[in-house]
1. State the number of residues belonging to the range 61-101 that are over 15 Å from D112 (Cα atoms), small (G, A, S) and surrounded by 15 or more Cβ atoms within 10 Å (Cβ to Cβ).
2. Filter the range 41-71 for residues that are in contact with a Phe, Trp or Tyr (Cβ under 6 Å, 6 or more places away or on another chain) and either at positive phi or not assigned by TED's automatic domain parsing to the domain that holds A96 (or both) and give the result.
Amino acid sequence: MWEKSLVAIVAGLVTIAGGVVRLEGKQLKGNGDMEMAEEEIGKVSDFFARPVVAAFELTAALKVGDRIRIKGHTTDLELEVGSMQIENAAVQEAKAGDSIGVKVPERVRKGDTVYKIVE
């Protein structure tokens with residue numbers, strides 16, 4: 001444990017919680033690999049196979065260009081939001097409470113959690 005703490009202190013420690021070391025928006029996993037911090041921003045409310053689009057219910061803001069991760073029991077997908085729509089109209093950003101559609105590269109499932117990757 002002290003080895004991870006020492007590495008984190010040298011790299012600019014922000015917090016240590018539950019065995020995860022957070023470094024200025026990044027996490028240092030137990031194996032020493034870096035991963036980006038994530039914040040939950042919504043849930044998948046529907047999925048459409050053609051075109052391959054997921055509907056999200058947002059609990060926080062999202063904009064085109066943001067990187068997101070969709071994680072569920074059998075889903076683990078990371079992508080950049082290339083475009084999004086509200087009621088079939090293209091938008092550049094959406095706020096908490098909005099229902100949006102986003103093109104995704106593969107199937108996601110209702111109830112999957114949507115995270116914004118914070119750099």
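1. The first filter runs over the range 61-101 and keeps only residues over 15 Å from D112 (Cα atoms), leaving 61-67, 80-98.
Restricting the remaining residues to those that are small (G, A, S) gives 61, 65, 82-83, 89-90, 94, 96-97.
This time we only want the ones that are surrounded by 15 or more Cβ atoms within 10 Å (Cβ to Cβ), so: 94.
Matching residues across the range 61-101 total 1.
2. Within the range 41-71, just G42 meets the criteria.
The values are calculated or read from the model by the stated rules, or taken from the named source; none is laboratory data. All values derive from a computational prediction rather than experimental measurement. When we count neighbours, we look across all protein chains shown, and the Cβ atoms used for this are built from the backbone with ideal geometry, even at glycine.
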